Amino acid sequence: MRIIDWVKKNKLIVILGLVVVYLLVKDSGGSSLNFQMKQSQPGLDYEAGAPVMEMEKMAQTSVMSLPGRSAAPAPEIEDRLVVEESNISCLVDQVREKVDQVIDYIETKNGYLVSSSLTQPGEAPFATVVVRLPQAELRPALEYLRGLAIKVTSENLRGWDVTDEYVDLAARLETLDKTKVKFEQILDQAVKVEDILKVQRELISLQQQIDNFKGRQDYLKKTAENAKLTIYLSTDEWALPYAPEEPAFRPKVIFKQAVRSLVQTGRALVAKIIWFGVYSVVLLPLLVIWWFWKRKRP
């Protein structure tokens, strides 16, 4: 009797409780039904909404199976990919002529010019030439530059082994390609528009990753095939990116610096005269007016 009385007094709470129980029972029944359908129809032949669940599971699996970003060493590979870069500083007698000779030589070795600059052509000319050439031609090119220079003030050669990264990218691409094939199979079986759009978004994302990895692989391969060579040329040893061990007394350089200072002082003086001449067009009339006004005052 007490229960009946409580129900009569709290009808709203009872009705809400019954609705919640009904919804819970309905959801659990639907889940068990979907599970039974998956058990009875394995693969891609189940309910139209199932491909999306399979897609999410595959996406998680593909991400977990991708190799880490830090590539594991692969010492068993014989043909290593090594990126080489070299710098050389050369003291020469004629900078402009030597720059042309260097560029012509690099082009004969199937290389190409990246950049070239020439500064202070009238005093102590200094040139920087950056080229790329086949890796096999790098050491012969350094030998050619040594013979072209009066003196080589500095030289260095550096290399980076990128084989492990290249192999790691290949493993990532293989995993992504397999995942893409499975997504394409799911797309063929999808029925709902919502499912089709979800699968297509995943395919676009996968293709972007594949393109990025392939681009990185291509960059590593081409960079390893073509070494970078930076050449510094100057008629003044002190202008090169290298400092001699002991300071030297160089009267010719001191004379050039004195002449340059004299020229700069003369230019500054002429500039001031020009400024005064321009402003005198305004100042002189004002001075004349002021002078007459002062004379007329009692």
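Within segment 201-230, the residues that satisfy the criterion of being closer than 16 Å to GLN135 by Cα and touching a residue at least 24 places away in the same chain (Cβ under 8 Å) are LEU220, LYS221, THR223, ALA224, GLU225, ASN226, ALA227, LYS228, LEU229, THR230.
Does segment 156-170 contain at least one residue that is closer than 30 Å to GLN257 by Cα, in contact with an Asp or Glu (Cβ under 8 Å, 6 or more places away or on another chain) and touching a residue at least 40 places away in the same chain (Cβ under 8 Å)?
No: zero hits.
Residues that are under 11 Å from LEU233 (Cα atoms), aliphatic (A, V, I, L, M), modelled with pLDDT of 90 or more and assigned to a helix (DSSP H, G or I): does segment 178-187 have at least one? The answer is no, given that none of the residues of segment 178-187 is under 11 Å from LEU233 (Cα atoms), aliphatic (A, V, I, L, M), modelled with pLDDT of 90 or more and assigned to a helix (DSSP H, G or I). Take the conditions β-branched (Val, Ile, Thr), over 28 Å from the mean Cα position of the chain (by Cα) and within 14 Å of ASN87 (Cα to Cα) and apply them to THR128. Does it pass? Criteria not met by THR128.
For (1) surrounded by 10 or more Cβ atoms within 10 Å (Cβ to Cβ); (2) at pLDDT 80 or above; (3) in contact with a helix residue (DSSP H, G or I) (Cβ under 6 Å, 6 or more places away or on another chain), each residue gets a yes or a no:
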position	(1), (2), (3)
LEU240	yes, yes, no
PHE249	no, no, no
LYS252	no, no, no
THR265	yes, yes, no
GLY277	no, yes, no
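Quick one: would you say PHE213 is at pLDDT 80 or above, over 23 Å from SER117 (Cα atoms), assigned to a helix (DSSP H, G or I) and assigned by TED's automatic domain parsing to the domain that holds SER89? Judged against the criteria, PHE213 is a match.
Step by step: first the residues of segment 110-127, then only those that are buried (at least 16 other Cβ atoms within 10 Å of the Cβ) and in contact with a Leu (Cβ under 8 Å, 6 or more places away or on another chain), then the one that is farthest from ASN156 (Cα to Cα). Which residue is that?
Filtering segment 110-127 down to residues buried (at least 16 other Cβ atoms within 10 Å of the Cβ) leaves 111, 124-127.
Filter again for in contact with a Leu (Cβ under 8 Å, 6 or more places away or on another chain), leaving 111, 125-127.
On the way: GLY111: 20, PRO125: 23, PHE126: 19, ALA127: 18 Å.
The selected residue is PRO125.
Looking at ARG158, ARG201, just one residue is of a type outside the set (A, V, I, L, M, F, W, C), closer than 30 Å to LYS109 by Cβ and surrounded by fewer than 13 Cβ atoms within 10 Å (Cβ to Cβ), and that residue is ARG158.
Let's see how each residue does on (1) aliphatic (A, V, I, L, M); (2) within 30 Å of GLN94 (Cβ to Cβ):
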position	(1), (2)
ALA190	yes, no
ASN212	no, no
ASN226	no, yes
LYS256	no, yes
ALA271	yes, no
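Restricting the first member to segment 94-112 and to residues that are in contact (Cβ under 8 Å) with a residue 40 or more places away in the chain, and the second to residues that are among the polar types (S, T, N, Q), the beta-carbon pairs closer than 8 Å and six or more apart or on different chains are GLN94/THR235; VAL95/SER234; VAL95/THR235; VAL99/SER116; GLY111/ASN226.
Screening ARG172, ARG96 for residues that are buried (at least 17 other Cβ atoms within 10 Å of the Cβ) and either not assigned by TED's automatic domain parsing to the domain that holds ARG216 or not hydroxyl-bearing (Ser, Thr, Tyr) (or both) leaves exactly one candidate, ARG172.
Taken over segment 224-236, residues that are surrounded by fewer than 19 Cβ atoms within 10 Å (Cβ to Cβ) and part of a helix (DSSP H, G or I) amount to 1.
Restricting LEU169, LEU142, LEU138 to those that are part of a helix (DSSP H, G or I), within 22 Å of the chain's Cα centre (by Cα) and of a type in the set (A, V, I, L, M) reduces the list to LEU169.
The values are calculated or read from the model by the stated rules, or taken from the named source; none is laboratory data. Because the structure is predicted, anything quoted here is derived from the model rather than measured. Cβ atoms come from the backbone with ideal geometry, glycine included; neighbour counts cover every protein chain shown.
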